[in-house]
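The values are calculated or read from the model by the stated rules, or taken from the named source; none is laboratory data. From a predicted model like this one, the values you see are computed outputs, not experimental measurements. Quick reminder, even Gly has a Cβ in these numbers, built from the backbone with ideal geometry, and neighbours come from all protein chains shown.
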Amino acid sequence: TQLLEQSPQFLSIQEGENLTVYCNSSSVFSSLQWYRQEPGEGPVLLVTVVTGGEVKKLKRLTFQFGDARKDSSLHITAAQTGDTGLYLCAGERDSNYQLIWGAGTKLIIKP
Amino acid sequence: EPEVTQTPSHQVTQMGQEVILRCVPISNHLYFYWYRQILGQKVEFLVSFYNNEISEKSEIFDDQFSVERPDGSNFTLKIRSTKLEDSAMYFCASSEYGAGASSYEQYFGPGTRLTVT
């Protein structure tokens, strides 16, 4: 069974601080997607990383895919209260339509 | 910007009743999915659908569940005889490409909250 483990499960920090969220697996994924979910809403796709070692930036968010395509990280610089939400990673298995989901990191940014 | 829409936003039903959850995927997308998320838990894959047939389904998607694309725009999930444990948020998603494509990105609808009493 391929599992995606996210850490930490919960993170509460002050506005302006930096943070990193991790998504780890013992299995290789073809690609990995990061989503953000607000309470009562559907996940919203932030980014897809495909190549081992790939780094993508989305304003203050930096996403990295591990060289071996087994892990990924999301780094937020100078967090803002608007970054509050549940961050989910989901990995694509080769030739299957099903995404494997992490349990999410609940992020709270305090003013 | 195109988006996936779902109706209703909230459905309350009695145990044993049939429910149909509706989704309108993004118009040029060819691959469709249903997920559920029990309150406070992980997103769980139910089924994927392409070319008018199921591509993959999880063990959650038993005989009580069915999917259909009745016309060119709607994609539905039917639960034949609801159980209390079916209470969850149900999300529809669509993608332009399938697994293995370099741009396999799924876009989610806002969800339908199903409450079974």
Unique residue being touching a strand residue (DSSP E or B) at 6+ places or on another chain (Cβ under 7 Å), part of a loop (DSSP other than H, G, I, E, B), surrounded by 18 or more Cβ atoms within 10 Å (Cβ to Cβ) and not β-branched (Val, Ile, Thr) when the list is B:32, B:45, B:61: B:61
Where residue A:53 falls short, out of the listed (1) within 12 Å of the chain's Cα centre (by Cα); (2) surrounded by fewer than 20 Cβ atoms within 10 Å (Cβ to Cβ); (3) more than 7 Å from chain B (Cβ to nearest Cβ): (1)
Top-ranked residue of the stretch A:69-103 - restricted to ones that are hydrophobic (A, V, I, L, M, F, W, C), over 10 Å from the mean Cα position of the chain (by Cα) and at pLDDT 95 or above, ranked as surrounded by the fewest Cβ atoms within 10 Å (Cβ to Cβ): A:78
Do you know which residues across the stretch A:4-62 are acidic (Asp, Glu) and assigned to a strand (DSSP E or B)? A:5
Would you be able to tell me the number of residues in the stretch A:65-111 that are β-branched (Val, Ile, Thr), in a loop (DSSP other than H, G, I, E, B) and touching a residue at least 40 places away in the same chain (Cβ under 8 Å)? 1
Is there a residue being more than 13 Å from residue B:108 (Cβ to Cβ), in contact (Cβ under 8 Å) with a residue 12 or more places away in the chain and aromatic (Phe, Trp, Tyr) anywhere in the stretch B:39-50? yes
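Inspect all residues belonging to the stretch A:87-107 and state whether any of them is more than 21 Å from residue B:91 (Cβ to Cβ) and either of a type in the set (A, V, I, L, M, F, W, C) or away from chain B (no Cβ under 12 Å) (or both).
Within the stretch A:87-107, not a single residue is more than 21 Å from residue B:91 (Cβ to Cβ) and either of a type in the set (A, V, I, L, M, F, W, C) or away from chain B (no Cβ under 12 Å) (or both).
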Check on residue B:27, at pLDDT 90 or above and surrounded by 14 or more Cβ atoms within 10 Å (Cβ to Cβ): no
With the condition kept exactly as written, say whether any residue in the stretch B:77-96 is assigned to a strand (DSSP E or B) and touching a Pro at 6+ places or on another chain (Cβ under 6 Å). yes
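Just checking, does the stretch B:9-25 include any residue being of a type in the set (Gly, Ala, Ser), within 14 Å of chain A (Cβ to nearest Cβ) and closer than 30 Å to residue A:49 by Cβ?
Filtering the stretch B:9-25 for residues of a type in the set (Gly, Ala, Ser) gives B:9, B:16.
Restricting the remaining residues to those that are within 14 Å of chain A (Cβ to nearest Cβ) gives B:9.
Filter once more, so that each one left must be closer than 30 Å to residue A:49 by Cβ: none.
Checked against the condition, which is being of a type in the set (Gly, Ala, Ser), within 14 Å of chain A (Cβ to nearest Cβ) and closer than 30 Å to residue A:49 by Cβ, the stretch B:9-25 yields no hits at all.
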